[in-house]
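Just so you know, all these numbers are worked out from the coordinates, no wet-lab data involved. Owing to the predicted nature of the structure, the values given are computational and were not obtained by experimental measurement. A quick note on method: Cβ atoms are made from the backbone with ideal geometry, for glycine too, and the neighbour counts reach across all protein chains shown.
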Amino acid sequence: MTKILVLLVLSLGLLQAAPLVVGDSIDTFKTYKFETPQGRQMKVPKSTNLIVAAFEKDTGKLVNEYLKNEDPMFMPKKHAIYIADIHNMPSIITNMFALPKLRKYKHPIYLHFGEEFEKFFPNKEEKITVIHLKDKKVTSISFVTTKEELKAAIAK
């Protein structure tokens with residue numbers, strides 16, 4: 001009986017770690033914790049239609065540069081969120097430099113500090129991930145590298 005329980009627990013752990021693919025529900029995001037640069041806990045809204053995610057300093061900088069020129073309500077009006085996975089950043093750099101800079105932006109930023117999100121959420125080196133959703137389901141996953149591509153992906 002204990003062998004069955006161990007196998008069940010291991011199976012659930014593997015299922016949870018499976019990468020997000022087209023057709024998946026955003027309900028899987030319930031297991032991940034996000035917060036704003038100000039420290040406020042955030043959840044992915046059920047009405048989300050678009051997720052933009054950055055996993056590296058340069059890709060995050062590109063997204064922030066694009067969004068700082070938009071109305072601060074640009075993403076919320078589009079039912080979109082921007083996630084910055086900063087788990088690879090040393091905590092001293094995060095606390096002394098990154099968070100103070102991120103707090104200055106007017107657009108909403110969902111920060112993630114744990115490495116498990118990077119394993120679950122599709123990402124490629126030096127690329128921004130753009131995921132479109134409809135009725136809480138992933139309809140497309142794309143990767144962009146320039147402001148022009150990001151603008152086009154968000155407008156899609």
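Tabulated data for the structure shown
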read-out: Alpha-carbon centroid distance for the pair the range 130-156 / the range 56-87, whole angstrom; value: 13
read-out: Separation of the residue 88 and residue 41 label points, Cα + 7 Å toward Cβ, nm; value: 2.9
read-out: Estimated [θ] at 222 nm from DSSP helical runs (n ≥ 4, -39500 (n - 2.57)) normalised by residues in the chain, nearest 500; value: -9000 deg cm²/dmol
read-out: Charge dipole (debye, nearest 20) of the chain; +1 at Cβ of Lys and Arg, -1 at Cβ of Asp and Glu; value: 520
read-out: Order of 24, 71, 85 - criterion: other Cβ atoms within 10 Å of each residue's Cβ, fewest first; value: 71, 24, 85
read-out: Computed magnitude of the charge dipole of the range 97-138 (debye, nearest 20; Cβ of K, R +1, Cβ of D, E -1); value: 340
read-out: Charge tally in the Cβ shell below 13 Å around residue 34, where Lys, Arg are +1 and Asp, Glu are -1, residue 34 excluded; value: +1
read-out: The range 108-115 - phi-based ³J(HN,Hα) in whole Hz, Karplus 6.51/-1.76/1.60, Gly and Pro as x; value: x, 10, 9, 9, 10, 10, x, 6
read-out: Neighbour-count ranking [beta-carbon atoms within 10 angstrom, fewest first] of 97, 34; value: 97, 34
read-out: Signed unit charges on C-beta, dipole axis of the chain, positive-most listed residue 52, 80, 121; value: 80
read-out: Length-normalised contact order for the range 20-155 - Cα pairs under 8 Å, 6+ apart - percent; value: 36
read-out: Contour minus Cα-Cα distance for residue 57 and residue 136 (0.36 nm per residue); value: 25.6 nm
read-out: Residue order, fewest to most beta carbons within 10 Å, for 132, 79; value: 79, 132
read-out: Surrounding net charge for residue 147, when Lys and Arg each add one and Asp and Glu each subtract one, Cβ distance under 14 Å; value: -1
read-out: Nonlocal amide H pairs with residue 34, under 5 Å, H built at 1.01 Å; value: 42
read-out: Share, in percent, of DSSP beta bridges within the chain that are antiparallel, nearest 5; value: 65
